[in-house]
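Read through the structure below, which is laid out as structure tokens, and then see the notes.
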RNA sequence: GGCGCGGUAGCCAAGUGGUAAGGCCGAGCUCUGCAAAAGCUCUAUUCGGCGGUUCGAUUCCGCCCCGCGCCUCCA
């Protein structure tokens, strides 16, 4: 079964295949703007793209996928942050890039093969703008900025059906600076000393010094790293318009060939049934969640619980469900291996092919998870489940979990860290010792009374054969 | 106003023209003095409402109600 993915441009499921004769699948995923910590909504998109990349690698081979994801390190927001923090742009973007990478690693996202930063490709962007100006698709405005002339590209609006829209004229659009038309968008922004600090580069021929507009970076970096026509371009639903619409216009007018053969947009994450916002108090970063004791792997799993093309409602409740589901999987896989002496390094069975096919079918992750559990629930060391079967089945499980990027050892590690004996205060250990003694003396009434005291004090006493463990009660 | 999406058990969430995956929560049982752990089992006659098409619709069509997202620099 081949991989089929919904194409936002043609609005139908299409098979994914590399176009180039080298058989390498080229895909570009719009990355973060590094001016603040990324939130879990951002990560839903990146995790989905990570699963897609892993699936492509399974399908075409590990060395047959080229994944590029950019870092937007110069734009209104990053520059705005230099004013807030009173630090140079580079320091700020480096700081947030580092955190982004740490979060990605914790979420078990593979590093893209290339992660170009916009400031590293100024020359390529300037070149592209110059070509667009030469071809009459762009013009210099009075202040030295350069704008793309939307009316020069007949196909404009095909992706987002923008022509069918009534553009809402906001202050931002009405304040068209020096644009000839509200639809035109900036390719190059002339330097404004009062806003831009020392952020500026020499501009395209005939333009003022300044900085690139947002959209051009993806066009230029995609061209530089993947070529004029790529196999797939992805991003969050919000990027469909104007960002991707503008990218198509720039790239196709510059290169004269189709920009991307396939477009894919994942839907946004909702939190508590509505869009995330700081004022609503439903805005989470990965750090916010891990600080509450949840594992990053559980967050990844929770972000994968819904279909990528449907808004997913994330709640602390669903994160708890994710945590429990993952632990169940990890613990039972481990128990199977131990009980049956299974060896997962054998060739995989076909047991989880249904889950894999669900992924190949438009990245239906929730269906895949359902298939995983219903199959996994049948892997019981009861009647006739042999070591050989278990080995091959677990190998198959591991393969599909690898595609999902679900790292079970990390789950077990988190579990171990969590239940590591926490230092109990001496009065608690004294109570526990007393209870243990009472129990040994078969004074069960006394033991129960002491357990109650411990519970009231917030501690659970877990009896073993030869001793006990104390665990802090949650909540 | 425009574009688009969705309403499936307490929560999250797949799905199909032929009669509802899965996870969480909850319940019962077994097993251990108790507790925990583990094991077993159960948990939507029903898919927002009303019509229509059909032998048959949650799945197709129409209308209505409700919710959500996006609409020039937010993944």
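Some notes on this structure:
- Complete set of residues in the range A:332-344 that are within 22 Å of residue A:402 (Cβ to Cβ), more than 10 Å from RNA strand B (Cβ to nearest atom) and in contact (Cβ under 8 Å) with a residue 40 or more places away in the chain: A:333, A:334, A:337, A:340, A:342, A:343, A:344
- Helices (runs of 4 or more DSSP H) wholly inside the range A:71-145 that include at least 2 residues being within 18 Å of residue A:32 (Cα to Cα) and within 15 Å of RNA strand B (Cβ to nearest atom): A:76-85, A:89-106
- If only residues of the range A:308-331 that are within 6 Å of RNA strand B (Cβ to nearest atom) and farther than 17 Å from residue A:274 by Cα are counted, the one that is surrounded by the most Cβ atoms within 10 Å (Cβ to Cβ) is A:325.
- Meets criteria (in contact (Cβ under 8 Å) with a residue 60 or more places away in the chain, under 25 Å from residue A:50 (Cβ atoms), more than 10 Å from RNA strand B (Cβ to nearest atom) and not assigned by TED's automatic domain parsing to the domain that holds residue A:451) for residue A:365: no
- Filtering the range A:1-45 to residues that are more than 9 Å from RNA strand B (Cβ to nearest atom), touching a helix residue (DSSP H, G or I) at 6+ places or on another chain (Cβ under 8 Å) and not in a loop (DSSP other than H, G, I, E, B) leaves A:4, A:5, A:25, A:26, A:27, A:28.
- The set of residues in the range A:446-465 being buried (at least 16 other Cβ atoms within 10 Å of the Cβ) and under 21 Å from residue A:418 (Cα atoms) consists of A:454, A:459, A:461.
- In the range A:116-138, of all residues being in contact with a strand residue (DSSP E or B) (Cβ under 6 Å, 6 or more places away or on another chain) and surrounded by fewer than 20 Cβ atoms within 10 Å (Cβ to Cβ), the one that is farthest from residue A:226 (Cα to Cα) corresponds to A:122.
Conditions (1) surrounded by 14 or more Cβ atoms within 10 Å (Cβ to Cβ); (2) closer than 30 Å to residue A:59 by Cβ; (3) within 29 Å of the chain's Cα centre (by Cα), marked per residue:
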| position | (1), (2), (3) |
| --- | --- |
| A:407 | yes, yes, yes |
| A:410 | yes, yes, yes |
| A:425 | no, no, no |
| A:435 | yes, no, no |
| A:444 | no, no, no |
| A:467 | no, no, no |
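- Qualifying residue in the range A:283-296 (condition: in contact with a strand residue (DSSP E or B) (Cβ under 7 Å, 6 or more places away or on another chain), near RNA strand B (Cβ under 10 Å from one of its atoms) and farther than 30 Å from residue A:225 by Cα): yes
- Summed over the range A:368-384, residues that are within 20 Å of the chain's Cα centre (by Cα) and without any contact (Cβ under 8 Å) to a residue 60 or more places away in the chain total 1.
- Filtering the range A:265-283 to residues that are more than 14 Å from the chain's Cα centre (by Cα) and modelled with pLDDT of 90 or more leaves A:270, A:271, A:283.
The values are calculated or read from the model by the stated rules, or taken from the named source; none is laboratory data. Predicted, not measured: the structure shown is a model, and the values here were computed from it. Methodologically, a virtual Cβ is constructed for each residue, glycine included, from the backbone with ideal geometry; neighbour enumeration extends over all protein chains shown.
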